[in-house]
Amino acid sequence: MIANIPLKRVARVQYGLGQPPKLSDHGIPILRATNITRGKITETDLLRAKLEDLPTERAPLLAEGEILVVRSGAYTGDSARVTGKWVGSAPGYDLRLTPQLVDSRYLAHSLLSSAALDQMKLASSRAAQPHLNAEELGGVQLWIPPLDEQRRIADFLDAETARIDKLLELRHAQEAKLTERSYASVSEILLPEILTQPLGQWPWTWLPDMPHHRPLVRLGYVCRLQSGLTVDGKRDISGDVVTRPYLRVANVQAGSVALDNVSEVTVPREIADRSTLRPGDVLMTEGGDLDKLGRGTVWRGELPGCLHQNHVFALRPEPDRLDGDYLALMTRTLHGRSYFESTGTKTTNLASTNSSKIMSFPIPLPNVALQRELARQAQGSLDSVGAAIRLLGTQRALLVERREAFITAAVTGQFDVSTASGRNVTDGVPTS
């Protein structure tokens, strides 16, 4: 018999650990929402706890075939099946399904179909923030064919999704190689032989022999630094004040400025005057991930009168001595990365720099005309690689869409998997 029935009829739905137990550097891994990604369990930033500190009487260790479902946040409804590798791992803070009278692989695929995800999205949207409770998850309607048909569908989807996942992995690998190529290309254009003939001389051991027309100059000699404003809710704003947009660290990225979520602040006019960006300024962030520290981005005046936070530095080059695009690109070379990573202050997850270290950055300084020509060549290389990376991103999006189409069609009875081939597709849905 084939029917649409609620999930709670074929699986026990329960919550995970709830409040986190006492954590340990070693012990049993605890899977969280961040470890669950569209059918896969990842090992990124795992928490751990000793077995004796886990409430196993109310939250037993995971078993083969159980399924974890994200119950809140941006990825509400995402799920992954527990395989042998994770047997014994403690369930995290999300929802936990124990299949009953149904093939666990079929159930795991069903939960990744648009038919199930749409229902979970609708249920979770009723809360102020995306949130899915056990009752709502248990009410999700699924197409449940006889057990032997479930297994045939699961076998088919295991093979087809594995093939698509392999293509996705290859696209990710290609993107990583292209990113590496762009990094090497910009480094070699701006600093010839840095990749092949570093001198090894202290203190900048990675630099090649610098020709006489490209002397190393301390950045502070050809550029001034403007500090940003400190956001203070207690500041007196009763006098002559202005309301302006201002950039935060999140808005400043490598090679671009993200303006889709820009905040505004009201400050005295004199403070605004001291923290207003000008076209041509090079923006750098004070802190963040180590590999992104010190990356420069040129401000083009996208938002007139825009201010910047004190954690974002604005570098203002002397126009007759230093080109802003050349400086921004120099921070993305092996020289820039090595300098900021070696001088940055590192903590467990983040790193930071300061105005003194930024202004001490040794920059090769040919004449401005040559700087602009080198920047043009480097940007051309970046644009070419960027176009290829965007194409790969489009291909990955189509593969993800195709994967969901296969799953949805198979677990809703739209085609017979015994005769279907994943290579026959009409409007994104496999046909027999």
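Given Ala328, Leu111, Leu365, which one lies farthest toward the positive end of the charge dipole of the chain, if we put +1 on the Cβ of every Lys and Arg and -1 on the Cβ of every Asp and Glu?
Leu365
Relative to the longest principal Cα axis of the chain, at what angle does helix 368-411 sit, 0 to 90 degrees, rounded to 10?
With both axes taken from Cα atoms, the answer is about 10 degrees.
Sort 105-115, 130-140, 401-411 by the packing proxy (mean of other Cβ within 10 Å over each peptide's residues), most packed first.
Going from most to least packed, we get 105-115, 401-411, 130-140.
Regarding the chain, what is the average projected area of its C-alpha convex hull, in nm²?
If you wrap the Cα atoms of the chain in a convex hull and average its projections, you get 26.8 nm².
Once Rh is set to the Kirkwood radius over Cα pairs, what Stokes-Einstein translational diffusion coefficient, in µm²/s, holds for the stretch 215-365 at a temperature of 20 °C and a viscosity of 1.002 mPa s?
136 µm²/s
Using a Förster distance of 25 angstrom, determine the FRET efficiency expected from the C-beta separation of Tyr75 and Leu398, and round it to 0.05.
Using R0 = 25 Å, I get an efficiency of 0.75.
Which residue, Leu51, Leu167, Leu334, has the most motion in a Gaussian network model of the chain that connects Cα atoms within less than 10 Å?
Of the options given, Leu51 has the highest mean-square fluctuation.
If I take R0 = 30 Å and measure r between the Cβ atoms of Leu167 and Lys346 in this structure, what FRET efficiency does the formula 1/(1 + (r/R0)^6) give, to the nearest 0.05?
With R0 = 30 Å, the Cβ-Cβ based efficiency is 0.20.
Between the DSSP loop rule and a limit of at most 16 other Cβ atoms within 10 Å, which trypsin sites (Lys or Arg not before Pro) in the stretch 170-258 are left?
Lys234, Arg235
Describe numerically, in nm with one decimal, the distance between label points set 7 Å from Cα along Cα→Cβ at Thr179 and at Arg218.
Going from the Thr179 label point to the Arg218 one covers 3.5 nm.
For helix 147-190, what angle does its Cα long axis make with the longest principal axis of the chain, in degrees from 0 to 90 and rounded to 10?
Between the helix axis and the principal axis of the chain, the angle is about 10 degrees.
For the stretch 3-144, take N as its residue count and report Rg(C-alpha) divided by 2.2 N^0.38 Å.
Normalised Cα radius of gyration, the stretch 3-144: 1.00.
What is the gain in length, in nm to one decimal, between Val249 and Leu23 on full extension, counting 0.36 nm per residue of separation less the C-alpha to C-alpha distance?
78.3 nm
Filter Lys50/Lys85; Lys8/Lys121; Lys22/Lys50; Lys22/Lys85; Lys40/Lys166; Lys292/Lys346 down to the pairs with a C-alpha to C-alpha distance above 20 Å, please.
Over 20 Å Cα-Cα: Lys22/Lys85.
Please give the contour-minus-distance gain from Leu147 to Thr266: 0.36 nm per residue of separation, less the Cα-Cα distance, rounded to one decimal in nm.
36.4 nm
Going by average Cβ density within 10 Å per residue, which order do the peptides 67-76, 323-332 take, highest to lowest?
Top to bottom by mean Cβ count within 10 Å: 323-332, 67-76.
With charges only on Cβ, +1 for K and R and -1 for D and E, what is the dipole size of the stretch 3-144 about its Cα centre, in debye, rounded to 20?
180 debye
For a quick protection proxy, order the peptides 19-25, 151-157, 311-317, 385-391 by their average other-Cβ count within 10 Å, most packed first.
By packing density, highest mean first, the sequence is 311-317, 151-157, 385-391, 19-25.
From the helices alone, meaning DSSP H stretches of at least four residues, give me the mean residue ellipticity at 222 nm for the chain, per-run term -39500 (n - 2.57), in deg cm²/dmol to the nearest 500.
-10500 deg cm²/dmol
Using only Cα atoms and rounding to the nearest 10 degrees, what angle (0 to 90) does helix 114-124 make with the longest principal axis of the chain?
70 degrees
Could you point to the residue in Pro319, Ser356, Gly344 farthest towards the positive end of the stretch 301-364's charge dipole, with +1 and -1 charges on the Cβ of Lys/Arg and Asp/Glu respectively?
The listed residue farthest towards the positive side: Gly344.
Every number in this text was worked out from the coordinates using simple rules, so none of it is lab data. Since we're looking at a predicted model, the values are computed, not measured. Methodologically, a virtual Cβ is constructed for each residue, glycine included, from the backbone with ideal geometry; neighbour enumeration extends over all protein chains shown.
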